[in-house]
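Bear in mind that the values in this text are calculations on the coordinates, not laboratory data. Quick caveat: nothing in here was measured; it's all calculated off a predicted structure. Every residue, glycine among them, receives a Cβ derived from its backbone with ideal geometry; neighbour counts consider all protein chains shown.
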Amino acid sequence: MGLPVYLLFVDESGTHGGSPVFVLGGAAIHEDDAQRLQRQLDDLVIEHLGRVPPNLDEYELHAGEMRNAKKPARADHRASVWAAVPRLDRLSLLADAYRLIAEFSPADPDLPLALFGVAVDARFRAADSQVTRERFAYEVLLNKFDLMLMKARVEKQKPNRGLVIHDRRVVVERDIQTWTSEWRTAAGNVGQLRNLADVPLFADSRATRLLQVADLVSYSLFRQYSADRPDDAFEQLWPVFHSDRGVTHGCVHFTPSYGQGACACRPCEQRLLAEAAQTVRPQRRGSPRADASAPGVDRS
């Protein structure tokens, strides 16, 4: 029998031209909990609709669409199913979905639901191409997931393989799989991936609520770093981002302001704590590799 599996569902925001930030959001859940969280989210949608629709899978928990669903201007354009649901009801469901994620209780406390996020400011390494910046974000995200798996195996005696499921994005699917294959073979800029079962798989977000959880995570991060008045979704999710020994490692913000000491957001504050810990406790030869947010990653 093979090792049990931790599933990391990934989505992105800010891929459009002119976006102030590129964001990756991820939700890692143990296989023993995956079906239960999906069922709870289904039940939540049914509760807010007040009925069991025959097309339940079309009521996708997609934050941007739920906030801004409108009927199309032209009759030949397909409307979102959410356009028929009053906006206040949609926002209430969205708030309850965030609350459900924040309060989810795993079957094994040592194998919790863990969120991951990488936000790359458009000014960070501005001379790099968009593909290069996205590659960097993916490498950081996957290394953070890999590090979590390693720590569970070494420190908690909970060995698991990791499997990444990404929302379908045809234009870069092969790139992401190629990058991951390279990082599994040899260390990249951050470190080698040693705990993944395979390269990322891609699926339609309508097929699983867990990809929709990743959408909610990435949207909350995008709002946090692009909106003049971000909502409280990110703050609500913050305790669920992967942490170790009181320091949150699962969410990181890359911005020139960090190198200038001018960014006081939660992720940047936690990176300072992680870097201070690395300085106080230098890594010994043969010890587990440093966290992806340690000094040397951000050369802004």
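Here are the numbers:
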| quantity | calculated |
| --- | --- |
| Cβ-based exposure ranking for M150, M66, in which fewest neighbours within 10 Å come first | M150, M66 |
| Length added when fully stretched, S129-A276, from 0.36 nm per residue minus Cα-Cα | 49.8 nm |
| Entry for Kirkwood radius over Cα pairs in Å (calculated from the structure that is shown) out of (i) 18.5; (ii) 19.9; (iii) 21.8 | (ii) |
| Fewest-first ranking of D43, D228, D121, using other Cβ atoms within 10 Å as the exposure measure | D228, D43, D121 |
| Choice from E134, E58, E12 with maximal GNM fluctuation in the chain (Cα, 10 Å cutoff) | E58 |
| Solvent-free Debye scattering, log10 I(q)/I(0), computed from the Cα coordinates of region 7-121 at q = 0.18 Å⁻¹ | -1.10 |
| Sorted by Cβ neighbour density within 10 Å, fewest at the top, the residues H48, H166 | H48, H166 |
| Residue with peak Gaussian network fluctuation, the chain [Cα springs, cutoff 10 Å], from T180, T15, T255 | T15 |
| Segment D89-D43, length gained on full extension (0.36 nm per residue, minus Cα span) | 15.0 nm |
